[in-house]
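The values are calculated or read from the model by the stated rules, or taken from the named source; none is laboratory data. Predicted model only: the values in this text are computed from it and were never measured. Cβ: placed from backbone, ideal geometry, glycine included. Neighbour counts: every protein chain shown. Keep in mind that these areas ignore ligands, DNA and RNA; they rest on the heavy atoms of the full protein, side chains included. Shrake-Rupley method; radii C 1.70, N 1.55, O 1.52, S 1.80 Å.
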Amino acid sequence: MKKLRKRAGKKEDFKKFLKRILLIVGGVFLAAAILIGILLFIGYQSEKKKAEEFAANPDIITEEISEPQPGEDDPVTQLGESILDHIIQAGQSVLDALDNRPPSIEINENNKDNIATIESCLINGKTGKVDVAVTAEGLPKSDDKYYYLFALNTYDTKLSESDEYLIREYKDSEVSFSVNLNYKQSGSRLFKKFVVAVKQKGVFVPVSGTKYITNPEAVAKYTAAFPVAASKKGLLVDPNKLRGNELDDLGVKQAAYNIPIARILGPTTNGNYPTVSYQYNGKSYSFNGQVISEYDLVFGTLTAKGITTTAILLNNYSPAYPQLIHPKARGGGSAPYYAFNAAEEAGVEYIAAVGSFLAERYSGNSGHGRVSSWIIANEVNARKEWNHMEKVSVEEYTEEYAKAVRVFYNAIKSVTANAKVYISLDQQWDRNMKNNPNYDARDILDEFNRNVSNKGNIDWGLAIHPYSVPLTNSKFWASSKYVNNTVSSPMLTMGNISMMTDYMQQKQFLTEEGEVRSITLSELGYTAHSGEALQAAAFAYAYYIIANNQHIDSFLLNRQTDAGEEVAQGLSFGLNNQGGGHRQLYTVFKYIDTPEHEKYTEFAKGIIGISDWSQVIVKR
């Protein structure tokens, strides 16, 4: 009884609690009494019938049956005992259930977002609905006995009075919700984040964190496996050399190509290239047919050559599409590209439509080629140079980037299930500079992983650019105060690249399946400014490092042909000079992943200062 009083709380609560127990037990006894009466009546009728049959025919031989003694096999006695056992068991079950019922919890500022936990938010492949699984160690006190499920927009920061709940379920330690996805409809929930609330004093109060859908591939139309390239050798291709045989001669296995988003949007002014209309989530979008035809040629040609292709999605400014630019990036800046806008409805809608359109067109099923990997923005930690947005905390900056990545991710993978989606970082690893206009790659990486893991883990990958320090120095193996093999190294180069892949093997960075995330060196080059032999040797050394590191999937060399603006800065990265002439690097690149590679890289040992590659290459 003391235990019951403690469980029920206040004196009045205990009285109500005890009254419920008595009513339950009383109800069970009443049901048992009725059942016993029915059975006794049936027994009486049976014995009466036997007596009448015997009176009508006295010659019937009957077996003498002794009167059962109390405690023996009397059916009524057995029945009574059985019912009593059931009553005791039922009562004990009620007490056990009440004793194991999750405790009631008062909602306060410290616990209001984590009383309940959304364990998963998944598209059900059979029903097409979104299944939301919730657990709770205690039950929040509220006006009623329900949990309410809400779907918030990507850019919502809290529940508003105008928000309507989707569905409600009885509060318990484990609760499941199931709601319509409405895929490709005006009420689509593909990009929503879900939250659980209770009603308190007539107002809905969240009692969980928010979670996004994490398996958009469940509704994908295209499910072809990710193409495995024959080697890690890749190239940022020159579109002017697509139609020749240079890519074939070089044996290029992987390639990357930029897509400035605003460039592909809008109606076509050239009548030979009709505007491409696209319907998405109940709205119509226009894509420039002439520009799209250029990408059709690029991706179609690369696919026909058997090259696995990556597209880099960049947010260039256009006055016709200001909604693509983040509100805190509209003040202008020196960077050529801007932070994507997932902070407003119009921005989310456009990002989602663009991602879905590109994934469909370059799925490999429409005759326009296949893009297998998508990189969202370029070197986002270099805010000032490549991803303009006003300087805010690393948490806020990363949150805005993470929202945009998630919209692109769900849009792309809901079309092509096995596409890969990457975030982009540069070589500024952990500088910890005062008044740094940018962010360190390690800080963005850590915060992005924490953010995405907390709000619904997805299978993102890392595209990183471990250039030399400075860029004009191709000798990445030379000693530098900016490069070391610790996680606190200011810069990341090919000299300490294994530190980064070791870092990514930490438990908190692994995928839901426990795998190391896909890592690609999506841009890396060495200048010929100090000589073609040094440039070629640096590439050979870097490639051997990558070939022996199982956690790096590709090395996309920057670039096929020199770019004038880079040459002016002493950065002659190309396999070819601006006039089209081949450098020594061209030949090394061509043979680096063939059985003849040693013949073409022998010269590099003398430049690096080794007699055998085993002196500097460690298999990882």
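Remarks
- Using a probe radius of 1.4 angstrom, the carbon and sulfur fraction of the accessible surface of region 304-390 is 48%.
- Listed peptides 103-111, 400-408, 217-225 appear in the order 400-408, 217-225, 103-111 once ranked by packing, highest mean of other Cβ atoms within 10 Å at the front.
- Averaging Cα coordinates gives a centre for region 428-503 and one for region 244-284; these two points are 31 Å apart.
- Once both labels are positioned 7 Å from their Cα atoms along Cα-to-Cβ, the gap between GLU602 and LYS507 label points is 5.1 nm.
- log₁₀ of I(q)/I(0) at q = 0.21, 0.22 Å⁻¹ - region 562-615, Debye sum with one point per alpha carbon: -0.84, -0.87
- With 10 Å bins from 0: P(r) over region 515-556, alpha-carbon pairs, percent: 28, 46, 21, 5, 0
- Three-way shape label, region 263-337, alpha-carbon gyration tensor, a/c 1.5: oblate
- Mean projected area (nm²) of the alpha-carbon convex hull when region 422-580 is viewed from all directions: 10.2
- Listed pairs LYS232/LYS475; LYS221/LYS283; LYS158/LYS403; LYS253/LYS481; LYS192/LYS253 exceeding 26 Å between Cα atoms: LYS253/LYS481; LYS192/LYS253
- Charge dipole of region 409-512 about the Cα centre (unit charges at C-beta), most positive-ward option of PRO470, MET504, ASN438: PRO470
- Extension reserve of the ASN272-ASN548 stretch, reckoned as 0.36 nm per residue once the Cα distance is removed: 94.4 nm
- Applying 1/(1 + (r/R0)^6) with R0 = 51 Å to the Cβ-Cβ distance of VAL516 and ARG330 gives a FRET efficiency near 0.85.
- Using a cutoff of 8 angstrom between alpha carbon atoms and counting only pairs six or more residues apart, the relative contact order for region 309-414 works out to 36 percent.
- Rg over Rh [alpha-carbon atoms, Kirkwood Rh] for region 141-216: 0.96
- Take region 562-606 with all the other protein chains still there, run a 1.4 Å probe, and you get 48 Å² of accessible area per residue.
- Using 0.36 nm per residue and subtracting the Cα-Cα separation, the extra length available between THR472 and ASP612 on full extension is 47.8 nm.
- Label separation (ASN457 vs ASP131): 1.9 nm, computed from points 7 Å beyond Cα along the C-beta direction.
- For region 449-535, the per residue solvent-accessible surface stands at 40 Å², with DNA, RNA and ligands left out and a 1.4 Å probe.
- Largest to smallest principal axis extent of the C-alpha atoms in region 227-284, angstrom: 43, 28, 16
- Rounded, prolate or oblate (a/c below 1.5 giving rounded, otherwise prolate when a/b exceeds b/c) for region 509-620 by Cα gyration tensor: oblate
- Compactness relative to 2.2 N^0.38 Å, alpha carbon Rg of region 230-378: 1.09
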